[in-house]
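Colleague: Could you have a look at this structure, given as C-alpha coordinates, before my questions?
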Amino acid sequence: MGAHNNKLGKGKNDASEDEEVVESEASSDEAGEGNSTSEESIDSDADNLSDKEQMTRAQKQIQIYFTSNVANEKYQMEDTIYTIPASFKRIDLSRMVKKLLDIKENVSFEFLINKQILRSSIEEFLHLNNILSENVIQIEYILSITKKESTQIDKISEWVSKLIIIEDKLYCSTFEGSTLCYDLSNFSKIDERKVADTSIFAFNVCKNDKLIDGEVRYSESAVGLSNGTIRAFLNEETDQKIVMRSELYLGNHDDMVKSIAFSKTGSLLISGGADNKINLYDNNEIVQKLKECMSENNTSKRKMKHVLTPKKCIHKDVGIITALTFFNSNNRFLCTGLEKHIKIYDADTADLFAALPYGKAIMCSDILSENLFVTADEQSVIKLFDVRCLEEKAVISPNEHKYFFHDKVVTSLGGNKNGIHFLSSSHDGFTNIYDVRLNKLPVYTIQSEDKSKVLSSTWFYRGSHNYVINADETHLMLHSF
(Lines give C-alpha, C1' and ligand atoms only; values in the text may rest on other atoms or scores of the structure.)
Protein backbone atom coordinates (compact mmCIF):
# COMPACT_ATOMS: atom_id res chain seq x y z
CA MET A 1 0.00 0.00 0.00
CA GLY A 2 1.38 3.42 -0.95
CA ALA A 3 1.55 6.53 1.21
CA HIS A 4 -1.77 7.85 2.49
CA ASN A 5 -3.09 11.27 3.40
CA ASN A 6 -5.02 11.52 6.68
CA LYS A 7 -8.47 13.11 6.75
CA LEU A 8 -11.38 13.17 9.18
CA GLY A 9 -14.55 11.52 7.94
CA LYS A 10 -17.72 13.25 9.12
CA GLY A 11 -20.22 11.18 11.03
CA LYS A 12 -23.24 13.39 10.22
CA ASN A 13 -24.68 14.74 7.00
CA ASP A 14 -27.34 17.28 6.25
CA ALA A 15 -31.01 16.28 6.11
CA SER A 16 -31.31 16.30 2.34
CA GLU A 17 -28.45 13.83 1.95
CA ASP A 18 -29.94 11.58 4.65
CA GLU A 19 -33.22 11.39 2.75
CA GLU A 20 -31.43 10.57 -0.50
CA VAL A 21 -29.40 7.76 1.02
CA VAL A 22 -32.29 6.22 2.92
CA GLU A 23 -34.21 6.06 -0.35
CA SER A 24 -31.21 4.54 -2.09
CA GLU A 25 -30.52 1.99 0.63
CA ALA A 26 -34.05 0.80 1.26
CA SER A 27 -36.06 1.25 -1.93
CA SER A 28 -37.14 -1.65 -4.09
CA ASP A 29 -39.75 -1.95 -6.78
CA GLU A 30 -40.78 -5.28 -5.38
CA ALA A 31 -40.13 -6.47 -1.83
CA GLY A 32 -36.89 -4.65 -1.10
CA GLU A 33 -33.35 -5.79 -0.60
CA GLY A 34 -33.87 -7.76 2.59
CA ASN A 35 -31.19 -5.77 4.41
CA SER A 36 -33.42 -3.91 6.86
CA THR A 37 -33.79 -6.91 9.17
CA SER A 38 -30.15 -7.02 10.19
CA GLU A 39 -29.83 -3.25 10.48
CA GLU A 40 -32.97 -2.95 12.60
CA SER A 41 -31.77 -5.64 14.99
CA ILE A 42 -28.45 -3.85 15.38
CA ASP A 43 -30.24 -0.59 16.12
CA SER A 44 -32.40 -2.27 18.75
CA ASP A 45 -29.27 -3.68 20.40
CA ALA A 46 -27.84 -0.18 20.56
CA ASP A 47 -31.03 1.09 22.24
CA ASN A 48 -30.47 -1.36 25.09
CA LEU A 49 -27.02 0.04 25.90
CA SER A 50 -26.56 2.46 28.78
CA ASP A 51 -25.95 6.13 28.02
CA LYS A 52 -22.31 5.71 29.06
CA GLU A 53 -21.82 2.69 26.80
CA GLN A 54 -23.45 4.47 23.85
CA MET A 55 -21.26 7.53 24.40
CA THR A 56 -18.12 5.36 24.54
CA ARG A 57 -19.12 3.57 21.35
CA ALA A 58 -19.87 6.83 19.57
CA GLN A 59 -16.53 8.37 20.60
CA LYS A 60 -14.32 5.46 19.50
CA GLN A 61 -12.49 6.24 16.25
CA ILE A 62 -10.80 4.00 13.71
CA GLN A 63 -8.73 4.62 10.60
CA ILE A 64 -9.82 3.24 7.23
CA TYR A 65 -9.06 3.54 3.55
CA PHE A 66 -11.29 2.62 0.62
CA THR A 67 -10.57 0.39 -2.37
CA SER A 68 -12.79 -0.62 -5.26
CA ASN A 69 -12.71 -2.70 -8.43
CA VAL A 70 -15.75 -0.95 -9.92
CA ALA A 71 -14.88 -0.35 -13.58
CA ASN A 72 -16.56 3.05 -13.90
CA GLU A 73 -13.97 5.75 -13.19
CA LYS A 74 -16.48 8.03 -11.49
CA TYR A 75 -16.63 5.50 -8.64
CA GLN A 76 -12.86 5.55 -8.04
CA MET A 77 -11.24 7.62 -5.29
CA GLU A 78 -7.76 8.53 -4.08
CA ASP A 79 -5.81 6.24 -1.77
CA THR A 80 -6.47 8.24 1.41
CA ILE A 81 -6.77 7.36 5.10
CA TYR A 82 -9.90 8.60 6.88
CA THR A 83 -10.64 8.67 10.60
CA ILE A 84 -14.27 7.75 11.30
CA PRO A 85 -16.43 6.61 14.24
CA ALA A 86 -16.15 2.86 14.87
CA SER A 87 -19.94 2.82 15.15
CA PHE A 88 -20.29 3.50 11.41
CA LYS A 89 -22.55 1.06 9.56
CA ARG A 90 -23.21 0.44 5.90
CA ILE A 91 -25.54 3.41 5.52
CA ASP A 92 -22.99 5.77 7.09
CA LEU A 93 -20.22 4.51 4.82
CA SER A 94 -22.51 4.83 1.80
CA ARG A 95 -23.24 8.47 2.64
CA MET A 96 -19.54 9.08 3.10
CA VAL A 97 -18.52 7.51 -0.23
CA LYS A 98 -21.25 9.37 -2.10
CA LYS A 99 -20.06 12.65 -0.58
CA LEU A 100 -16.39 11.96 -1.33
CA LEU A 101 -17.20 11.03 -4.93
CA ASP A 102 -19.74 13.85 -5.28
CA ILE A 103 -22.40 11.41 -6.48
CA LYS A 104 -25.85 12.95 -6.86
CA GLU A 105 -27.76 10.05 -8.42
CA ASN A 106 -29.63 7.46 -6.38
CA VAL A 107 -27.07 4.66 -5.98
CA SER A 108 -26.03 2.62 -2.97
CA PHE A 109 -22.97 0.59 -2.07
CA GLU A 110 -22.06 -2.61 -0.28
CA PHE A 111 -18.90 -2.70 1.85
CA LEU A 112 -16.52 -5.58 2.41
CA ILE A 113 -13.82 -6.14 5.00
CA ASN A 114 -11.61 -9.19 4.37
CA LYS A 115 -13.99 -10.15 1.51
CA GLN A 116 -16.97 -10.35 3.90
CA ILE A 117 -19.98 -8.07 3.53
CA LEU A 118 -20.51 -5.60 6.35
CA ARG A 119 -23.94 -6.00 7.97
CA SER A 120 -23.22 -4.49 11.40
CA SER A 121 -21.22 -1.60 12.78
CA ILE A 122 -17.53 -1.70 11.89
CA GLU A 123 -16.68 -2.12 15.57
CA GLU A 124 -18.89 -5.19 15.93
CA PHE A 125 -17.52 -6.67 12.71
CA LEU A 126 -13.92 -6.25 13.85
CA HIS A 127 -14.72 -7.81 17.22
CA LEU A 128 -16.52 -10.83 15.70
CA ASN A 129 -13.69 -11.45 13.24
CA ASN A 130 -10.79 -10.83 15.66
CA ILE A 131 -9.42 -7.89 13.68
CA LEU A 132 -7.40 -5.28 15.57
CA SER A 133 -9.07 -1.88 15.44
CA GLU A 134 -5.66 -0.23 15.94
CA ASN A 135 -4.72 -1.20 12.38
CA VAL A 136 -5.73 0.82 9.33
CA ILE A 137 -8.75 -1.07 7.98
CA GLN A 138 -9.14 -1.66 4.24
CA ILE A 139 -12.77 -1.37 3.16
CA GLU A 140 -13.79 -2.38 -0.35
CA TYR A 141 -16.94 -0.85 -1.80
CA ILE A 142 -19.05 -2.30 -4.60
CA LEU A 143 -22.29 -1.20 -6.21
CA SER A 144 -25.40 -2.71 -4.65
CA ILE A 145 -27.72 -4.81 -6.77
CA THR A 146 -30.55 -2.57 -7.97
CA LYS A 147 -33.37 -3.68 -10.25
CA LYS A 148 -33.95 -1.26 -13.12
CA GLU A 149 -37.11 -2.60 -14.71
CA SER A 150 -39.29 -5.65 -15.35
CA THR A 151 -40.53 -6.68 -18.79
CA GLN A 152 -43.03 -9.36 -19.76
CA ILE A 153 -41.59 -11.76 -22.33
CA ASP A 154 -44.76 -13.77 -22.83
CA LYS A 155 -48.05 -14.77 -21.26
CA ILE A 156 -48.12 -18.55 -21.00
CA SER A 157 -50.92 -21.04 -20.47
CA GLU A 158 -48.80 -24.04 -19.42
CA TRP A 159 -46.74 -24.36 -16.23
CA VAL A 160 -43.02 -24.24 -17.01
CA SER A 161 -40.88 -27.03 -15.55
CA LYS A 162 -37.42 -25.83 -16.64
CA LEU A 163 -35.68 -22.79 -18.15
CA ILE A 164 -32.40 -23.12 -20.08
CA ILE A 165 -30.46 -20.22 -21.62
CA ILE A 166 -27.71 -20.79 -24.19
CA GLU A 167 -26.28 -17.78 -26.00
CA ASP A 168 -29.24 -15.57 -26.96
CA LYS A 169 -31.97 -18.22 -26.80
CA LEU A 170 -34.30 -19.20 -23.98
CA TYR A 171 -35.50 -22.82 -24.01
CA CYS A 172 -38.46 -23.90 -21.86
CA SER A 173 -40.20 -27.16 -21.04
CA THR A 174 -43.68 -27.50 -19.54
CA PHE A 175 -45.59 -29.93 -17.36
CA GLU A 176 -48.06 -30.34 -20.24
CA GLY A 177 -45.43 -31.94 -22.50
CA SER A 178 -44.41 -28.93 -24.61
CA THR A 179 -41.11 -27.22 -25.38
CA LEU A 180 -40.76 -23.55 -26.31
CA CYS A 181 -37.93 -21.34 -27.54
CA TYR A 182 -37.54 -17.54 -27.47
CA ASP A 183 -35.05 -15.32 -29.26
CA LEU A 184 -33.76 -13.02 -26.49
CA SER A 185 -32.44 -10.45 -28.95
CA ASN A 186 -36.04 -9.36 -29.56
CA PHE A 187 -37.96 -11.56 -27.06
CA SER A 188 -39.97 -13.24 -29.80
CA LYS A 189 -41.17 -16.84 -29.59
CA ILE A 190 -39.63 -18.81 -32.44
CA ASP A 191 -40.75 -22.33 -31.55
CA GLU A 192 -43.49 -24.13 -29.64
CA ARG A 193 -44.27 -27.79 -30.03
CA LYS A 194 -45.86 -30.70 -28.24
CA VAL A 195 -43.20 -33.40 -27.76
CA ALA A 196 -44.95 -35.68 -25.24
CA ASP A 197 -48.38 -36.61 -23.92
CA THR A 198 -47.07 -36.71 -20.34
CA SER A 199 -45.37 -34.16 -18.10
CA ILE A 200 -41.79 -33.12 -18.77
CA PHE A 201 -39.93 -33.22 -15.45
CA ALA A 202 -36.38 -33.07 -16.83
CA PHE A 203 -35.09 -30.95 -19.70
CA ASN A 204 -31.73 -29.84 -21.03
CA VAL A 205 -30.11 -28.47 -24.18
CA CYS A 206 -26.59 -28.88 -25.57
CA LYS A 207 -24.74 -26.83 -28.18
CA ASN A 208 -21.14 -27.34 -29.28
CA ASP A 209 -18.92 -27.42 -32.36
CA LYS A 210 -19.79 -31.07 -33.04
CA LEU A 211 -23.33 -29.93 -33.82
CA ILE A 212 -22.24 -27.51 -36.55
CA ASP A 213 -22.45 -28.90 -40.09
CA GLY A 214 -21.10 -26.33 -42.52
CA GLU A 215 -23.50 -23.39 -42.46
CA VAL A 216 -26.15 -25.35 -40.59
CA ARG A 217 -26.26 -25.06 -36.80
CA TYR A 218 -27.93 -27.72 -34.70
CA SER A 219 -28.83 -28.03 -31.06
CA GLU A 220 -29.45 -31.20 -29.11
CA SER A 221 -32.28 -31.29 -26.59
CA ALA A 222 -33.46 -34.01 -24.24
CA VAL A 223 -36.66 -34.40 -22.22
CA GLY A 224 -37.30 -36.75 -19.31
CA LEU A 225 -40.91 -37.81 -18.82
CA SER A 226 -43.05 -38.97 -15.92
CA ASN A 227 -43.19 -42.53 -17.32
CA GLY A 228 -39.39 -42.96 -17.43
CA THR A 229 -38.95 -42.18 -21.12
CA ILE A 230 -36.09 -39.97 -22.32
CA ARG A 231 -36.29 -38.55 -25.82
CA ALA A 232 -33.33 -36.80 -27.46
CA PHE A 233 -33.83 -34.47 -30.43
CA LEU A 234 -31.57 -32.99 -33.09
CA ASN A 235 -32.86 -29.52 -33.98
CA GLU A 236 -31.84 -27.27 -36.86
CA GLU A 237 -31.71 -23.67 -35.65
CA THR A 238 -31.99 -20.38 -37.52
CA ASP A 239 -32.77 -16.89 -36.25
CA GLN A 240 -36.41 -17.27 -37.22
CA LYS A 241 -37.30 -20.86 -36.36
CA ILE A 242 -36.28 -24.27 -35.02
CA VAL A 243 -36.95 -27.46 -36.97
CA MET A 244 -36.75 -30.88 -35.30
CA ARG A 245 -34.82 -33.13 -37.71
CA SER A 246 -34.58 -36.43 -35.80
CA GLU A 247 -35.25 -38.07 -32.45
CA LEU A 248 -33.91 -40.94 -30.38
CA TYR A 249 -35.16 -42.81 -27.32
CA LEU A 250 -32.76 -43.38 -24.42
CA GLY A 251 -33.56 -46.55 -22.51
CA ASN A 252 -33.10 -48.03 -19.02
CA HIS A 253 -35.34 -45.88 -16.78
CA ASP A 254 -38.39 -47.49 -15.15
CA ASP A 255 -39.92 -44.45 -13.44
CA MET A 256 -40.09 -40.66 -13.57
CA VAL A 257 -36.94 -38.91 -14.85
CA LYS A 258 -36.21 -35.85 -12.71
CA SER A 259 -32.88 -34.56 -14.02
CA ILE A 260 -30.81 -34.59 -17.21
CA ALA A 261 -27.33 -33.08 -17.45
CA PHE A 262 -24.72 -32.73 -20.20
CA SER A 263 -21.01 -32.67 -19.35
CA LYS A 264 -19.26 -29.39 -20.14
CA THR A 265 -17.57 -30.93 -23.19
CA GLY A 266 -20.85 -32.40 -24.41
CA SER A 267 -19.40 -35.92 -24.44
CA LEU A 268 -21.69 -37.32 -21.72
CA LEU A 269 -25.38 -37.21 -20.91
CA ILE A 270 -26.50 -38.37 -17.46
CA SER A 271 -30.00 -38.86 -16.11
CA GLY A 272 -31.66 -39.78 -12.85
CA GLY A 273 -35.03 -39.83 -11.16
CA ALA A 274 -37.42 -41.96 -9.15
CA ASP A 275 -36.08 -45.42 -10.09
CA ASN A 276 -32.99 -45.25 -7.84
CA LYS A 277 -30.30 -45.21 -10.53
CA ILE A 278 -28.18 -42.90 -12.63
CA ASN A 279 -27.68 -43.67 -16.31
CA LEU A 280 -24.54 -42.47 -18.11
CA TYR A 281 -24.85 -42.22 -21.91
CA ASP A 282 -22.12 -41.58 -24.47
CA ASN A 283 -23.42 -38.35 -25.97
CA ASN A 284 -21.11 -38.60 -28.97
CA GLU A 285 -22.93 -41.82 -29.81
CA ILE A 286 -26.30 -40.11 -29.26
CA VAL A 287 -25.39 -37.31 -31.69
CA GLN A 288 -24.10 -39.81 -34.26
CA LYS A 289 -27.33 -41.83 -34.01
CA LEU A 290 -29.41 -38.65 -34.33
CA LYS A 291 -27.55 -37.74 -37.51
CA GLU A 292 -28.07 -41.25 -38.88
CA CYS A 293 -31.77 -41.01 -38.04
CA MET A 294 -31.92 -37.67 -39.86
CA SER A 295 -30.48 -39.30 -42.98
CA GLU A 296 -33.01 -42.15 -42.71
CA ASN A 297 -35.85 -39.65 -42.37
CA ASN A 298 -34.68 -37.92 -45.52
CA THR A 299 -34.54 -41.15 -47.56
CA SER A 300 -37.33 -43.27 -46.07
CA LYS A 301 -41.01 -42.55 -45.55
CA ARG A 302 -41.17 -45.02 -42.67
CA LYS A 303 -39.81 -43.66 -39.39
CA MET A 304 -38.01 -46.12 -37.14
CA LYS A 305 -38.10 -45.96 -33.34
CA HIS A 306 -34.44 -46.06 -32.31
CA VAL A 307 -33.47 -46.82 -28.71
CA LEU A 308 -30.02 -46.30 -27.19
CA THR A 309 -28.93 -47.84 -23.88
CA PRO A 310 -26.48 -46.26 -21.39
CA LYS A 311 -22.82 -47.22 -21.39
CA LYS A 312 -22.81 -47.30 -17.56
CA CYS A 313 -25.37 -47.36 -14.77
CA ILE A 314 -24.98 -46.40 -11.10
CA HIS A 315 -27.54 -48.19 -8.95
CA LYS A 316 -25.91 -48.69 -5.54
CA ASP A 317 -27.52 -46.59 -2.74
CA VAL A 318 -28.57 -43.92 -5.20
CA GLY A 319 -32.09 -43.13 -3.95
CA ILE A 320 -34.62 -40.83 -5.63
CA ILE A 321 -32.72 -38.09 -7.47
CA THR A 322 -33.85 -34.48 -7.80
CA ALA A 323 -30.80 -32.82 -9.38
CA LEU A 324 -27.63 -33.75 -11.30
CA THR A 325 -25.04 -31.09 -12.19
CA PHE A 326 -21.55 -31.31 -13.72
CA PHE A 327 -18.56 -29.40 -12.40
CA ASN A 328 -16.75 -27.29 -15.00
CA SER A 329 -13.17 -28.51 -14.76
CA ASN A 330 -13.58 -32.28 -14.62
CA ASN A 331 -16.04 -35.10 -15.22
CA ARG A 332 -17.33 -35.14 -11.66
CA PHE A 333 -20.96 -34.39 -11.03
CA LEU A 334 -23.08 -33.42 -8.04
CA CYS A 335 -26.03 -35.64 -7.13
CA THR A 336 -28.77 -34.62 -4.67
CA GLY A 337 -32.15 -36.10 -3.90
CA LEU A 338 -34.60 -37.45 -1.37
CA GLU A 339 -32.14 -40.01 -0.01
CA LYS A 340 -30.74 -37.41 2.48
CA HIS A 341 -27.17 -37.63 1.22
CA ILE A 342 -25.13 -35.29 -0.94
CA LYS A 343 -22.87 -37.17 -3.34
CA ILE A 344 -20.23 -36.43 -5.93
CA TYR A 345 -19.51 -39.07 -8.57
CA ASP A 346 -16.71 -39.55 -11.06
CA ALA A 347 -18.40 -39.88 -14.45
CA ASP A 348 -15.36 -41.55 -16.04
CA THR A 349 -15.42 -44.49 -13.63
CA ALA A 350 -19.02 -44.23 -12.32
CA ASP A 351 -17.54 -44.47 -8.81
CA LEU A 352 -18.64 -42.49 -5.77
CA PHE A 353 -16.01 -39.80 -5.17
CA ALA A 354 -17.32 -38.04 -2.04
CA ALA A 355 -20.42 -38.05 0.15
CA LEU A 356 -21.97 -36.12 3.03
CA PRO A 357 -25.00 -37.19 5.13
CA TYR A 358 -27.52 -34.35 5.20
CA GLY A 359 -30.51 -35.54 7.20
CA LYS A 360 -33.19 -33.91 5.05
CA ALA A 361 -34.48 -34.47 1.53
CA ILE A 362 -32.94 -32.06 -0.98
CA MET A 363 -35.33 -30.58 -3.53
CA CYS A 364 -32.80 -28.82 -5.79
CA SER A 365 -29.14 -27.83 -6.01
CA ASP A 366 -26.68 -26.00 -8.23
CA ILE A 367 -22.93 -25.50 -8.60
CA LEU A 368 -21.81 -21.88 -8.14
CA SER A 369 -18.09 -22.29 -8.85
CA GLU A 370 -15.39 -24.93 -8.74
CA ASN A 371 -15.36 -24.50 -4.95
CA LEU A 372 -18.98 -23.92 -3.95
CA PHE A 373 -22.44 -25.38 -4.45
CA VAL A 374 -25.83 -24.74 -2.86
CA THR A 375 -28.77 -26.94 -1.90
CA ALA A 376 -32.38 -26.31 -0.89
CA ASP A 377 -33.99 -28.89 1.39
CA GLU A 378 -37.55 -29.97 2.14
CA GLN A 379 -37.86 -27.21 4.78
CA SER A 380 -36.79 -24.56 2.21
CA VAL A 381 -33.47 -23.97 3.97
CA ILE A 382 -30.67 -23.10 1.55
CA LYS A 383 -27.14 -24.12 2.49
CA LEU A 384 -23.74 -23.39 1.01
CA PHE A 385 -21.11 -26.15 0.68
CA ASP A 386 -17.38 -26.04 0.03
CA VAL A 387 -15.47 -28.65 -2.00
CA ARG A 388 -11.95 -27.19 -1.84
CA CYS A 389 -10.99 -29.90 0.64
CA LEU A 390 -11.64 -32.57 -2.01
CA GLU A 391 -8.12 -32.05 -3.33
CA GLU A 392 -6.82 -33.61 -0.11
CA LYS A 393 -9.58 -36.02 0.92
CA ALA A 394 -12.98 -37.07 -0.37
CA VAL A 395 -15.03 -35.10 2.16
CA ILE A 396 -17.55 -32.34 1.48
CA SER A 397 -17.49 -29.48 4.00
CA PRO A 398 -20.63 -27.60 4.98
CA ASN A 399 -20.04 -23.85 4.86
CA GLU A 400 -21.31 -21.82 7.80
CA HIS A 401 -23.72 -19.90 5.60
CA LYS A 402 -27.43 -20.74 5.65
CA TYR A 403 -30.25 -18.78 4.06
CA PHE A 404 -33.78 -18.69 5.48
CA PHE A 405 -36.13 -16.64 3.36
CA HIS A 406 -38.67 -18.96 1.70
CA ASP A 407 -41.70 -20.49 3.39
CA LYS A 408 -42.73 -22.80 0.53
CA VAL A 409 -40.89 -25.29 -1.66
CA VAL A 410 -37.83 -23.92 -3.49
CA THR A 411 -38.21 -24.67 -7.19
CA SER A 412 -34.83 -23.58 -8.54
CA LEU A 413 -31.34 -22.45 -7.60
CA GLY A 414 -29.01 -20.77 -10.06
CA GLY A 415 -25.46 -19.51 -9.73
CA ASN A 416 -24.38 -16.28 -11.40
CA LYS A 417 -21.32 -16.51 -13.65
CA ASN A 418 -19.44 -14.17 -11.26
CA GLY A 419 -19.32 -17.02 -8.71
CA ILE A 420 -20.53 -14.65 -5.98
CA HIS A 421 -24.28 -14.30 -6.44
CA PHE A 422 -26.95 -16.96 -6.78
CA LEU A 423 -30.73 -16.92 -7.00
CA SER A 424 -33.52 -19.01 -5.56
CA SER A 425 -37.18 -19.10 -6.54
CA SER A 426 -40.14 -20.60 -4.74
CA HIS A 427 -43.85 -21.31 -4.72
CA ASP A 428 -44.10 -18.52 -2.14
CA GLY A 429 -43.94 -16.04 -5.04
CA PHE A 430 -40.45 -14.72 -4.36
CA THR A 431 -37.13 -14.86 -6.18
CA ASN A 432 -34.18 -14.00 -3.96
CA ILE A 433 -30.64 -13.02 -4.92
CA TYR A 434 -27.94 -13.94 -2.41
CA ASP A 435 -24.25 -13.13 -1.98
CA VAL A 436 -22.04 -16.02 -0.82
CA ARG A 437 -20.11 -13.56 1.36
CA LEU A 438 -23.24 -12.83 3.40
CA ASN A 439 -25.10 -15.17 5.73
CA LYS A 440 -28.87 -15.64 6.11
CA LEU A 441 -30.33 -12.70 4.16
CA PRO A 442 -30.75 -12.02 0.43
CA VAL A 443 -29.31 -8.86 -1.09
CA TYR A 444 -32.35 -8.45 -3.34
CA THR A 445 -35.87 -9.87 -3.49
CA ILE A 446 -38.30 -9.95 -6.42
CA GLN A 447 -41.98 -10.61 -5.78
CA SER A 448 -44.13 -12.03 -8.56
CA GLU A 449 -47.40 -10.39 -9.49
CA ASP A 450 -50.15 -11.43 -7.04
CA LYS A 451 -47.50 -13.62 -5.35
CA SER A 452 -47.97 -16.16 -8.14
CA LYS A 453 -45.87 -19.32 -7.70
CA VAL A 454 -42.42 -19.01 -9.28
CA LEU A 455 -41.87 -22.27 -11.14
CA SER A 456 -38.37 -21.72 -12.49
CA SER A 457 -35.72 -18.98 -12.68
CA THR A 458 -32.40 -18.46 -14.39
CA TRP A 459 -29.76 -15.81 -15.17
CA PHE A 460 -29.29 -14.10 -18.52
CA TYR A 461 -26.33 -11.91 -19.50
CA ARG A 462 -25.95 -9.25 -22.18
CA GLY A 463 -22.64 -7.43 -22.15
CA SER A 464 -21.99 -6.27 -18.59
CA HIS A 465 -25.69 -6.38 -17.68
CA ASN A 466 -27.33 -9.10 -15.60
CA TYR A 467 -30.93 -10.22 -15.93
CA VAL A 468 -33.16 -12.68 -14.10
CA ILE A 469 -35.81 -14.55 -16.08
CA ASN A 470 -38.73 -15.92 -14.08
CA ALA A 471 -41.50 -18.28 -15.08
CA ASP A 472 -44.51 -17.98 -12.79
CA GLU A 473 -47.94 -19.53 -13.23
CA THR A 474 -48.96 -17.25 -16.09
CA HIS A 475 -45.99 -15.14 -17.23
CA LEU A 476 -42.41 -15.22 -18.42
CA MET A 477 -40.77 -12.12 -16.93
CA LEU A 478 -37.40 -10.44 -17.50
CA HIS A 479 -35.91 -8.41 -14.62
CA SER A 480 -32.93 -6.21 -15.48
CA PHE A 481 -30.25 -5.11 -12.99
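Colleague: Condition check: assigned by TED's automatic domain parsing to the domain that holds residue 106 and either buried (at least 18 other Cβ atoms within 10 Å of the Cβ) or closer than 30 Å to residue 363 by Cα (or both). Does residue 122 satisfy that? Let's see the steps before the verdict.
Modeller: On the way: assigned by TED's automatic domain parsing to the domain that holds residue 106: yes; either buried (at least 18 other Cβ atoms within 10 Å of the Cβ) or closer than 30 Å to residue 363 by Cα (or both): yes.
In short, yes.
Colleague: Looking at this structure, is residue 245 surrounded by fewer than 20 Cβ atoms within 10 Å (Cβ to Cβ) and touching a helix residue (DSSP H, G or I) at 6+ places or on another chain (Cβ under 6 Å)?
Modeller: Numbers: surrounded by fewer than 20 Cβ atoms within 10 Å (Cβ to Cβ): yes; touching a helix residue (DSSP H, G or I) at 6+ places or on another chain (Cβ under 6 Å): yes.
Spelling it out, residue 245 is indeed surrounded by fewer than 20 Cβ atoms within 10 Å (Cβ to Cβ) and touching a helix residue (DSSP H, G or I) at 6+ places or on another chain (Cβ under 6 Å).
Colleague: Sticking with this one: I'm trying to understand the selection: among the residues of the range 188-221, which are under 25 Å from the mean Cα position of the chain (by Cα) and without any contact (Cβ under 8 Å) to a residue 12 or more places away in the chain?
Modeller: Of everything in the range 188-221, just one residue is under 25 Å from the mean Cα position of the chain (by Cα) and without any contact (Cβ under 8 Å) to a residue 12 or more places away in the chain, namely 188.
Colleague: Having 3 or more residues that are of a type in the set (Asp, Glu), at pLDDT 90 or above and in contact with a Phe, Trp or Tyr (Cβ under 7 Å, 6 or more places away or on another chain) is the bar; report the strands (runs of 3 or more DSSP E) wholly within the range 388-481 that clear it. Talk me through it step by step, then tell me what you get.
Modeller: Working: elements: 397-403, 410-415, 421-426, 430-435, 444-447, 454-462, 465-472, 475-480.
Per the criteria, no element qualifies.
Colleague: Would you be able to say whether some residue in the range 176-187 is surrounded by fewer than 14 Cβ atoms within 10 Å (Cβ to Cβ) and either within 30 Å of residue 97 (Cβ to Cβ) or within 26 Å of the chain's Cα centre (by Cα) (or both)?
Modeller: Our first condition is that a residue be surrounded by fewer than 14 Cβ atoms within 10 Å (Cβ to Cβ); within the range 176-187, this holds for 185-186.
Next cut, either within 30 Å of residue 97 (Cβ to Cβ) or within 26 Å of the chain's Cα centre (by Cα) (or both) only: 185-186.
The answer is yes; a qualifying residue exists.
Colleague: With in contact (Cβ under 8 Å) with a residue 24 or more places away in the chain and buried (at least 21 other Cβ atoms within 10 Å of the Cβ) as the only criterion, which of 372, 413 stands out? Walk me through how you get there before you give the answer.
Modeller: On the way: 372 fails: buried (at least 21 other Cβ atoms within 10 Å of the Cβ).
Result: 413 is the single residue among 372, 413 that is in contact (Cβ under 8 Å) with a residue 24 or more places away in the chain and buried (at least 21 other Cβ atoms within 10 Å of the Cβ).
Colleague: Only one residue in 81, 153 is assigned to a strand (DSSP E or B), assigned by TED's automatic domain parsing to the domain that holds residue 190 and not charged (D, E, K, R). Which one? Spell out the reasoning first.
Modeller: On the way: 81 fails: assigned by TED's automatic domain parsing to the domain that holds residue 190.
The unique qualifying residue is 153.
Colleague: Among 224, 272, which is the only one that is closer than 19 Å to residue 306 by Cβ and in a strand (DSSP E or B)? So that I can check it myself, show each step before the final result.
Modeller: Details: 272 fails: closer than 19 Å to residue 306 by Cβ.
Just one listed residue meets the conditions, 224.
Colleague: Scan the range 192-210 for residues that are more than 20 Å from residue 255 (Cα to Cα) and crowded, with 20+ Cβ neighbours inside 10 Å and jot them down.
Modeller: At the first step, the residues of the range 192-210 found to be more than 20 Å from residue 255 (Cα to Cα) are 192-194, 205-210.
Passing the criteria: 205, 206.
Colleague: Taking residue 110, is it buried (at least 17 other Cβ atoms within 10 Å of the Cβ), farther than 30 Å from residue 224 by Cα and of a type in the set (Asp, Glu)?
Modeller: yes
Colleague: Which condition number does residue 335 fail, the rest of (1) surrounded by 23 or more Cβ atoms within 10 Å (Cβ to Cβ); (2) outside any strand (DSSP E or B) being met?
Modeller: All conditions are met except number (2).
For (1) of a type in the set (Val, Ile, Thr); (2) part of a strand (DSSP E or B); (3) modelled with pLDDT of 95 or more, each residue gets a yes or a no:
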| position | (1), (2), (3) |
| --- | --- |
| 248 | no, yes, yes |
| 264 | no, no, no |
| 295 | no, no, no |
| 304 | no, no, no |
| 310 | no, no, yes |
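The values are calculated or read from the model by the stated rules, or taken from the named source; none is laboratory data. Everything numeric here is computed off the predicted structure, so don't read it as measured data. Heads up, the Cβs are rebuilt from the backbone with ideal geometry, glycines too, and the neighbour counts pull from every protein chain shown.
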